[in-house]
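The values are calculated or read from the model by the stated rules, or taken from the named source; none is laboratory data. Everything quoted here is computed from the prediction, not taken from an experiment. No Cβ is skipped: glycine too gets one built from the backbone with ideal geometry, and neighbour counts run over all protein chains shown. Heavy atoms of the whole protein, side chains included, go into the accessibility calculation; ligands, DNA and RNA do not. Shrake-Rupley method; radii C 1.70, N 1.55, O 1.52, S 1.80 Å.
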Amino acid sequence: MFCCFGCWLFRDYICGMSVRVRFAPSPTGGLHLGGVRTVLYNYLFAKHHGGEFVLRIEDTDQTRFVPGAEEYIFNCLEWCGLTPDESPVHGGPYGPYRQSERKEMYRQYAEKLVTNGYAYYAFDTKEELEQMREQYKTEENPSPQYDHRIRRKMRNSLTLADDEVKALLESNTPHVIRIKMPEHDVVSFTDMIRGEVSFQTGLVDDKVLLKADGMPTYHLAVVADDYLMKITHAFRGEEWLPSAPVHLLLWKYLGWESSMPQWAHLPLILGPNGKLSKRDGAKYGFPVFAMNWTDPKINELTEGFRERGFLPEAFINMLAVLGWNDGTEKELYSLDELIASFDIKRVHSAGAKFDFEKAKWFNQEWLKRKDVQSLKYDVRTVLANNGIVADDDALLEKIIELVKERCTLLPDFVQQAGFFFKAPETLELDAVKPKWNDEKKQFFTEYIDVLKTVSTWDMSSVETAFKELAAAKSIKPGELQLPMRIMLVGGKFGPAVFQIAEIIGKDDTVKRMEYALSLL
RNA sequence: GCCGCGUUGGUCAAGGGGUUAAGACGCCUCCCUUUCACGGAGGAAUCACGGGUUCGAAUCCCGUACGUGGUACCA
């Protein structure tokens, strides 16, 4: 994997410089599709360029702390095979990687901005802010912002006298630090997937940078940490685009403009109506999170792709091509192939609607292309979860090979492979009854007797005996195969009947047929 | 409301001035198989709309509509 010539020609400045990207989730709950795709694109980009992928935990909102959420994120990444090079658990030279543990570092930057006139102290209480919003609310402006117009009317270091501000500060009055957005500037930048984007700064509000509890908000933290962690390319969801001008300005005001990362705002993944939510999953019956997640507060379980029976390879593959393609017709990629061909510039700028049917197709394809050995553990587990013990290794391997192309999701193996290990509990007799008659009953009674005498039990001897007897009785073999299948597997599915008979053995074959016959 | 981003079949999408507008999923028909799958052969779109620019526009420009995101001391 090496950089293409394009890097020189299109001034990416990627060659020769070490690429560092980051995924920065806030540990507030399950990791959904969009999150995993963001991780994936970060990871692919980094690995394509031989760079590092760091995972940073953005836990600056203490009120939203959810126990277990951070560990859950790590487990998801591990399942997906997207291991960070640096993180709170993997360590690294730029730690700590949890923002709550970096708390003390942020204040100095915020203060520096105040000193240089790019930010200011604001003493407004929650109530005062609410009152402001109420007061200035009009039909044309339903949600007034704390912006260049409003700030003149609020209690901050721009409106208060210096000694008053000083007194307030010295008496530890709760306050925040807000950025002072310029009134008439235009901020623009080149997004790696959208091209030139620009904003009028006067239309953006004075975002809080440092909260009253001393924690930074996302806006300050993301800039400071990306700088401190030497992030070269910053990818995040499209929902961040509107606050990008704040971040751009912060890089400039802090004097770090020359090391600002290149941005790419990823398109959203949409559900049946609007942004995909876990609610959609519950409503339409598909998973939205990578793995099962139980919200500890309300004890509510949200289903994961893993538990639904997806292979991580398929999950990753499906996500990669939801919004990206390499320009060829290729759709099936291993992680290594993705790393080799990924190009952030070929990511679509439009949001993509998630299609569960297509997701299943990817799993089916991966089931077909993966070898038996690598499927064995998962299949055994899913069978065990359904009370089927498959401890004979060689047998299990043979069966997986035989039935895997009939399965879409892992749990399908229960139906497709279960009957090899355990006689069916219910027989779909309705499928044979309409055409059942004494002749057929007679056939099977005699056939059972023949089978009992077969010396070498294999597919062909079972089949030969079957056909010979059918011929002798002048019954079309085809009319007898379905009944036999129902007797052995219980339903209209599975591989060739005689193959099944061979595998389950003489005793079981005879036993199942006799039992079924007794019901007919 | 304001701001940003987006708009090629039901879905994912290629294509970025001249093409019979690829391919995949799903759907339907047929073949293979007297199970179910797999596999194979077919079927279904005037590229949101309206104006330009041009000999020529899905492709470039401008509007409109629609969708979506933001507008928090949440990320």
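General remarks:
- Between A:Val165, A:Val114, the distinction of being touching a residue at least 60 places away in the same chain (Cβ under 8 Å), in the same structural domain as A:Val204 (by TED's automatic domain parsing) and more than 9 Å from RNA strand B (Cβ to nearest atom) belongs to A:Val114 only.
- Among the residues making up region A:440-465, those that are over 48 Å from the mean Cα position of the chain (by Cα) and either within 11 Å of RNA strand B (Cβ to nearest atom) or of a type in the set (Asp, Glu) (or both) are A:Glu446, A:Asp449.
- Qualifying residue in region A:364-384 (condition: touching an Asp or Glu at 6+ places or on another chain (Cβ under 8 Å), free of Cβ contacts under 8 Å to residues at least 60 places away in the same chain and surrounded by 21 or more Cβ atoms within 10 Å (Cβ to Cβ)): yes
- Hey, A:Ala24 at pLDDT 95 or above and either in contact with a helix residue (DSSP H, G or I) (Cβ under 9 Å, 6 or more places away or on another chain) or of a type in the set (D, E, K, R) (or both) or not: yes
- Across region A:471-500, the qualifying residues are those that are touching a Phe, Trp or Tyr at 6+ places or on another chain (Cβ under 7 Å) and over 24 Å from A:Lys422 (Cβ atoms), and the one among them that is farthest from RNA strand B (Cβ to nearest atom) is A:Lys473.
- Only a single criterion out of (1) at pLDDT below 95; (2) over 30 Å from A:Lys353 (Cβ atoms) is not satisfied by A:Tyr284, namely (2).
- Among the conditions (1) in a strand (DSSP E or B); (2) in contact with a His (Cβ under 7 Å, 6 or more places away or on another chain), A:Pro84 misses just one, which is (1).
- Helices (runs of 4 or more DSSP H) contained entirely in region A:293-351, each with at least 2 residues that are within 15 Å of RNA strand B (Cβ to nearest atom) and open to solvent by less than 10 Å² (accessible area, probe 1.4 Å): A:312-320
- Members of region A:241-265 that are within 13 Å of RNA strand B (Cβ to nearest atom), without any contact (Cβ under 8 Å) to a residue 60 or more places away in the chain and out of contact with any helix residue (DSSP H, G or I) (no Cβ under 8 Å at 6 or more places or on another chain): A:Leu241, A:Pro242, A:Ala244
- None of A:Thr294, A:Thr232 is at pLDDT 95 or above, within 22 Å of A:Arg98 (Cα to Cα) and of a type in the set (Ser, Thr, Tyr) except A:Thr232.
- Count of residues meeting criterion [more than 7 Å from RNA strand B (Cβ to nearest atom) and open to solvent by 10 Å² or more (accessible area, probe 1.4 Å)] in region A:208-218: 1
- Strands (runs of 3 or more DSSP E) lying entirely in region A:170-263 (those with 1 or more residues that are in contact with a Ser or Thr (Cβ under 8 Å, 6 or more places away or on another chain)): A:186-191, A:195-200, A:208-210, A:233-237
- Whichever residue in region A:143-162 is outside any helix (DSSP H, G or I) and touching a Ser or Thr at 6+ places or on another chain (Cβ under 9 Å) and, among such residues, is nearest to RNA strand B (Cβ to nearest atom): A:Pro144
- Any hit, region A:427-439, residues being of a type outside the set (Phe, Trp, Tyr), modelled with pLDDT of 95 or more and away from RNA strand B (no atom under 14 Å from the Cβ): no
- Test: residue in region A:122-142 that is of a type in the set (D, E, K, R), away from RNA strand B (no atom under 11 Å from the Cβ), surrounded by 15 or more Cβ atoms within 10 Å (Cβ to Cβ) and in a loop (DSSP other than H, G, I, E, B): no
- Being out of contact with any helix residue (DSSP H, G or I) (no Cβ under 8 Å at 6 or more places or on another chain), within 14 Å of RNA strand B (Cβ to nearest atom) and free of Cβ contacts under 8 Å to residues at least 12 places away in the same chain is a property that holds for A:Thr63.
- Single condition A:Pro411 does not satisfy, out of (1) buried (at least 19 other Cβ atoms within 10 Å of the Cβ); (2) modelled with pLDDT of 95 or more; (3) farther than 15 Å from A:Gly494 by Cβ; (4) of a type outside the set (Ser, Thr, Tyr): (1)
- Residue within region A:168-176 that is open to solvent by less than 20 Å² (accessible area, probe 1.4 Å) and more than 8 Å from RNA strand B (Cβ to nearest atom) present: no
- Residue check, A:Asp206 under 22 Å from A:Leu44 (Cβ atoms) and touching a residue at least 40 places away in the same chain (Cβ under 8 Å): no
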